[in-house]
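**Student:** Supplied in structure tokens, the structure appears directly below.
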Amino acid sequence: MNGRERWQRWVSEDSASPALYSESLATAGILQIINAPSAWGRNTGGYLRRAGSSYAGNGIENSVHESMAWAGGTEPRYLICGCTGFFHRSGHALKMTLLTYRRNGRETLDVPQLSGAYGSSMIEAMWYPRHYSPLVQGVQSGHIEVGILGAEHMLQEFSPELKRFFHLRFGVNP
């Protein structure tokens, strides 16, 4: 990807996309149900704080990932496997949670993606109530975020089959 393509990707997918808003609102809903952080309460104000916090955290995560990938010359997108078979494709999806491709096509540790996941979680914990530790809760949340990335990669890997299944089974237009 060249610089213009990376910028357009960030603007369209990472900074103000409907998916970013939806993910932030859904995350806030889950946090509202489990009342985390509890100091924010289970009221409208608490939900709005959680939604804003989630949106900011997602924006930070995406910005760190995209900018570091640009600077390091690595691929920021998930690229589906050209392989066949459930286990090979699943393995690829999970492997690419920790790895990415360099410009030369070789795999490398995806430091930009991991930095975005853990760094944004630590930064987000800084505006949580005082008893939350950016290091402790940030690392814990970073682990969860990496798990979510793995699940997203599995969905991306098998999205063609899922679209066909739902179209045939339920008559849903892809």
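Laboratory data are not the source of any read-out in this text; all were calculated from the coordinates shown. Since this is a predicted model, take the numbers as computed values, not measurements. Cβ atoms come from the backbone with ideal geometry, glycine included; neighbour counts cover every protein chain shown.
**Student:** Check which residues have an amide H placed less than 5 Å from Leu99's amide H, if you skip close sequence neighbours.
**Tutor:** Here Asp110 satisfy the definition.
**Student:** Read phi for every residue in the range 16-24 and hand back ³J(HN,Hα) as whole Hz from Karplus 6.51 cos²θ - 1.76 cosθ + 1.60, θ = phi - 60°, with x for Gly and Pro.
**Tutor:** Coupling constants for the range 16-24: 8, 7, x, 5, 5, 5, 4, 4, 5 Hz.
**Student:** Fewest Cβ neighbours within 10 Å first, please rank Arg4, Arg89 accordingly.
**Tutor:** Arg4, Arg89
**Student:** Ranking request for peptides 157-163, 33-39: highest mean number of other beta-carbon atoms within 10 Å first, then the rest in descending order. Please report the intermediate quantities before stating the final value.
**Tutor:** Numbers: 157-163: 14.1, 33-39: 12.4.
So the order, starting with the most tightly packed, is 157-163, 33-39.
**Student:** Please compute the modelled spin-label separation between His167 and Ser15, points set 7 Å along Cα→Cβ, answer in nm with one decimal.
**Tutor:** So the two model labels end up 3.3 nm from each other.
**Student:** Angle, helix 86-95 long axis vs. longest principal axis of the chain, Cα atoms, 0 to 90°, nearest 10?
**Tutor:** On a 0 to 90 degree scale, this one is about 50.
**Student:** Semi-axes, largest first, in whole Å: what does sqrt of 5 times each Cα gyration tensor eigenvalue give for the chain?
**Tutor:** Details: eigenvalues 169, 94, 48 Å².
Square roots of five times the eigenvalues give 29, 22, 16 Å.
**Student:** As a test of the formula, what do you get for the chain when each DSSP H run with n ≥ 4 contributes -39,500 (n - 2.57) and the sum is divided by the residue count, at 222 nm and rounded to the nearest 500 deg cm²/dmol? Don't skip to the answer; put the middle values down first.
**Tutor:** On the way: 7 runs with 112 residues, N = 174.
When only DSSP H runs of four or more count, the value is -21500 deg cm²/dmol.
**Student:** Continuing with the same structure: Give the calculated FRET efficiency between Val111 and Ile34 to the nearest 0.05, with a Förster radius of 22 Å applied to their Cβ-Cβ distance.
**Tutor:** Plugging the Cβ-Cβ distance into 1/(1 + (r/R0)^6) gives 0.10.
**Student:** For a quick check: with amide H placed at 1.01 Å from N, whose amide H comes under 5 Å from Ser133's, ignoring anything fewer than 5 positions away on the same chain?
**Tutor:** Those qualifying (amide H under 5 Å, at least 5 residues apart or on another chain) number zero.
**Student:** How far, in nm, would the chain grow between Ala151 and Val136 when pulled straight, counting 0.36 nm per residue and subtracting the alpha carbon separation? Provide the component values of the computation, followed by the final result.
**Tutor:** Details: separation 15, 0.36 × 15 = 5.40 nm, distance 2.32 nm.
Between Ala151 and Val136, full extension yields 3.1 nm more.
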